[in-house]
Amino acid sequence: MSQPLNIAVLFGGCSPEYGVSLQSAAAVLRHMDRMKYKPVMAGISQDGDWFHYTGPVSRLENDSWCCAEACAPAALSPSRSHPGLLVREGRTIRRIPLDAAFPILHGRNGEDGTVQGLIELADIPLVGCGVLSSALCMDKDRAHKLVREAGIDVPESFTVRRTDGGILERAEALGYPLFVKPVRAGSSFGITRVTEKSALPAALEAAFAYDGEAILETVISGFEVGCAVLGKDTLTVGEPDEIELHGDFFDYTEKYTLKTSAIHVPARVTPEQRLQIQENAKSIYRALDCRGFARVDQFLTPEGRLVFNEVNTIPGFTAHSRYPSMMKAAGLSFEQVISALIELAVKP
């Protein structure tokens, strides 16, 4: 039997979604086929320091992984002739060769093309979306523009910087209620649903706390549907899901606790709507140059119109997250999904 492939699993990071990354990475590690793959765990602290972690997976789940006895300072080598993780052990540097890198990092500096660029610079096979698609999908404004060019409906919107004038007037023309969002952020951080003009300044400040640009967009009536997509040239789609909301929107708390919301897999839609959700998802995935995997989110209006929301290039990956749940409903186990993603990266 051939030796297992060394797969770097990157987790943690400096973004506000650090904790979500730890939970996702732990689930991926628990469902990785150890006969085929040997995980090389590379943890990034909230301060941005890289470590080679050799402790148990359970310490990711309770965020006690970053400790002297299980961590050694590390860095990803950009050398194409000797790609690998460089680990400092006393006065020596040990190189762990890598067959692929699997970033399980959410938000800025992990899902926006920055880490992907480092991995691609070293010519290490990358699990998931590359630099361009990662950057585009993190940018709500530019993603919407490209998806509109692909012939798919998007919400009406405009972007602003803190120093721009006339924001109140433009918001009035767009109409209330509206959403104010950071252009580049994940997990619903900095997002506010605004119903009247007086609440707009505070909503803008909340968005600017996460990014230098904010996007103001119309609220789309109806409910959100998601679709998991896997592949490069030939695409596999999961069973679409549906978010049943009992509040204003699917914020950070609801995404990770479901206190008042519910997720239905499969979505409670007609067979025709199910097919259209999947076809739209594939079109959006290709329009934004995605590869490997992504979750495509849309809104389904009461009139049956589909409107693009966003693409998550590294969606939540716990055993109960939406992406693996949609794939499971389509007949692919979590273990099969992880293996398929790695094989897409390592095979030409």
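Inside segment 181-203, residues that are of a type in the set (S, T, N, Q) and in contact with a Lys or Arg (Cβ under 6 Å, 6 or more places away or on another chain) make up a count of 0.
Close Cβ contacts (under 7 Å, 6 or more residues apart or on different chains) running from residues in segment 6-18 that are at negative phi and open to solvent by 10 Å² or more (accessible area, probe 1.4 Å) to residues that are at pLDDT 95 or above and among the acidic types (Asp, Glu) comprise Asn6/Asp99.
Selection of segment 31-54 for residues being within 15 Å of Phe334 (Cβ to Cβ) and touching a residue at least 40 places away in the same chain (Cβ under 8 Å) yields His31, Met32, Asp33, Lys36, Tyr37. A count restricted to segment 85-106 and to residues that are free of Cβ contacts under 8 Å to residues at least 24 places away in the same chain and part of a strand (DSSP E or B) stands at 7.
The values are calculated or read from the model by the stated rules, or taken from the named source; none is laboratory data. Values in this document were obtained by computation on a predicted structure and should not be read as measured data. A quick note on method: Cβ atoms are made from the backbone with ideal geometry, for glycine too, and the neighbour counts reach across all protein chains shown. What goes into the accessible areas is simple: the full protein's heavy atoms, side chains included, and nothing from ligands, DNA or RNA. Shrake-Rupley method; radii C 1.70, N 1.55, O 1.52, S 1.80 Å.
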